[in-house]
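What follows is a short report on a single structure.
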Amino acid sequence: LSAEQIRDLALAASELLVNTPGGPPAYPYQPGQDLWRESNSMSPSYTQSTGEGLRRRSLYSVWKRTAPLPNMLVFDAASREVCTISRGRTNTPLQALVLLNDVQFVEAARALASAVAKQHADPADRLTEAFLRLAGRQPDEPELTLLVELYQEQLAIFNDAAGPTRSIRPSLTS
């Protein structure tokens, strides 16, 4: 997927995507307040959108050639300084860090988890639903087994760190 499609997929899978066509440009989450001032002191400051503006399709995101969206560049989006016939495709650790730490993706992950938790009580069913939304197919048996084991490991780590009074009750998670 392209950088824009990755962001839109995360928002769509989590039921956060605002798919209204047209309208004003969107200013998605960005690191730092003076993102644009660093490349050109004459530019207005970057004013992040609020509400639905943060979750509009990437097609509507404001893009500045001298200071492109950092999370889009990590996923091989073109800088738009010159025409590009085709984009390169990479798979780097930095991309994984963006998916784990970028505000937009953390927000989408929380919303996705909440949505599948409301639909299903069984962790395997929750994982299957989330996998289907993100990958567009059902997980095969080894994938589902791996995901269930990871879920159980992470739940145990969370419960150990939270202590006995704050642990998640098994009836809510399994």
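The values are calculated or read from the model by the stated rules, or taken from the named source; none is laboratory data. This one's a predicted model, so the numbers in the text were calculated from it and none came from an experiment. Areas reflect the complete protein model, heavy atoms only, side chains present, ligands, DNA and RNA absent. Shrake-Rupley method; radii C 1.70, N 1.55, O 1.52, S 1.80 Å.
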- Item | GNM result for the chain, Cα springs below 10 Å: residue of Ala121, Ala109, Ala156 fluctuating most strongly | Ala156
- Message: Quick one: 3J(HN,Hα) in Hz for the stretch 138-147, Karplus 6.51/-1.76/1.60 with θ = phi - 60°, rounded, Gly and Pro as x.
- Response: 6, x, 7, 4, x, 5, 5, 4, 4, 5
- Message: If I ignore ligands, DNA and RNA and count only protein heavy atoms, how much of Val74 is accessible to a 1.4 Å probe, in Å² to the nearest 10?
- Response: 30
- Query: Which residue fluctuates the most in the chain, going by a Gaussian network model with Cα springs under 10 Å, if the choices are Ser58, Ser14, Ser79?
  - Reply: Ser79
- Message: Quick one: 3J(HN,Hα) in Hz for the stretch 53-68, Karplus 6.51/-1.76/1.60 with θ = phi - 60°, rounded, Gly and Pro as x.
- Response: x, 6, 10, 6, 3, 4, 4, 8, 6, 5, 9, 10, 4, 7, 8, x
- Item | Built amide H within the under 5 Å cut-off of Ser49, gap 5+ | Tyr27
- Item | Of (1) 9, 29, 32, 19, 9, 1; (2) 7, 17, 19, 16, 10, 8, 8, 8, 5, 2, 0; (3) 8, 31, 35, 21, 4, 0, the label for P(r) over Cα pairs in 10 Å bins from 0, in percent derived from the coordinates | (1)
- Message: What is the percent carbon and sulfur in the accessible area of the chain, measuring with a 1.4 Å probe over the protein chains and ignoring ligands?
- Response: 58
- Task: Return the Rg/Rh value of the stretch 87-130, two decimal places, where both radii are evaluated on C-alpha atoms and Rh is the Kirkwood radius.
- Result: 1.13
- Task: Choose one answer from Pro142, Pro123, Pro25: the residue with the largest mean-square fluctuation in a GNM of the chain with alpha-carbon springs under 10 Å.
- Result: Pro142
